[in-house]
Structures are given as structure tokens and as C-alpha cells.
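Reading through the C-alpha cells given below for one structure.
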Amino acid sequence: MKFDSMTDQAVAAEIGQRIDQIRLERNLTQQQLADAVGLSRVSYAKLVSGQGKFTNVIAVLRVLDQVALLENFIPEVVFSPIEQLKLKGKQRKRASGSRGASTNSGGELEEKSEGLDW
């Protein structure tokens, strides 16, 4: 599946459908899973349709014994050894951004040109 070409809502709905498929493979009803998580059946149905809270997604994955899937979701990123030496043991908390770049209304970076403005 190509998430790049999907809207955020479509990606959320696809993740919800995948979670629901795991539920069906475990032969659990929506109500049974919702009760195990501490949600209402309606809240679970919203989660499956892509409208759930991220903490509820994690809770459902935990009940389904699938929390390990989160490791692949956003893998841990480790700075290079040289970058760690530069930081001298401190943990980086801010991004410096790139000089000469700004964001357009779509959130994409645009390079500013240093040439003439005419």
C-alpha cells in the first residue's frame, strides 16, 4: 500500500482496518476488545474508521499483543558517533532548520534565492 499518495484520513482508516483484521483473526467481537481496552464499542468503531486517539490505538495493539508493530512504525533514530561527540553527551532537543529556507503554505520547504529581486 502506498501511504504517500493517501490523505491523512485515508492512512488512519487503513491502519484502523488493519487493526480490525487482527481482531477478527483473534475471533474477538468489537465489544470484547473494547471492554478489554476500556473503551465503548462506539469508540472502538471510530478507531477502526480512522477517527480514534493514538493512545487508544496503542491500547488496542497492547490487548491484541501486537505492540511490537510500533517498533516498525517509527524506528528509533540514533545520531552518528561524530554528532554525539559534538553534543558532548547532551541530548539534542531542537532543530536548527536550514538557513535560507522557508516553508510555503503547504508546509514544504522552499529555498530562498540570493539573486536580484527584479
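The values are calculated or read from the model by the stated rules, or taken from the named source; none is laboratory data. Note that the structure is a prediction, hence the values are computed from the model and not measured. Heads up, the Cβs are rebuilt from the backbone with ideal geometry, glycines too, and the neighbour counts pull from every protein chain shown.
The set of residues from segment 1-45 being among the charged types (D, E, K, R) and within 17 Å of the chain's Cα centre (by Cα) comprises Lys2, Asp4, Asp8, Glu14, Arg18.
Taking segment 12-59 as the range and being among the charged types (D, E, K, R) and touching a residue at least 40 places away in the same chain (Cβ under 8 Å) as the test, only Arg23 passes. If you go through segment 38-56, how many residues are part of a helix (DSSP H, G or I), aliphatic (A, V, I, L, M) and surrounded by 18 or more Cβ atoms within 10 Å (Cβ to Cβ)? Residues that pass the stated criteria total 2. Is one or more of the residues making up segment 65-78 in a helix (DSSP H, G or I) and farther than 27 Å from Phe3 by Cβ? Taking every residue of segment 65-78 in turn, none turns out to be in a helix (DSSP H, G or I) and farther than 27 Å from Phe3 by Cβ. Just a yes or no: is a residue in segment 74-91 without any contact (Cβ under 8 Å) to a residue 60 or more places away in the chain, out of contact with any strand residue (DSSP E or B) (no Cβ under 6 Å at 6 or more places or on another chain), closer than 23 Å to Asp8 by Cα and surrounded by 13 or more Cβ atoms within 10 Å (Cβ to Cβ)? No, segment 74-91 has no match at all. Of the set (1) closer than 26 Å to Phe54 by Cα; (2) modelled with pLDDT under 70; (3) more than 19 Å from the chain's Cα centre (by Cα), all apply to Ala95 but (2). Among the conditions (1) in contact with a helix residue (DSSP H, G or I) (Cβ under 8 Å, 6 or more places away or on another chain); (2) modelled with pLDDT of 95 or more, the only one that Phe3 does not satisfy is (2).
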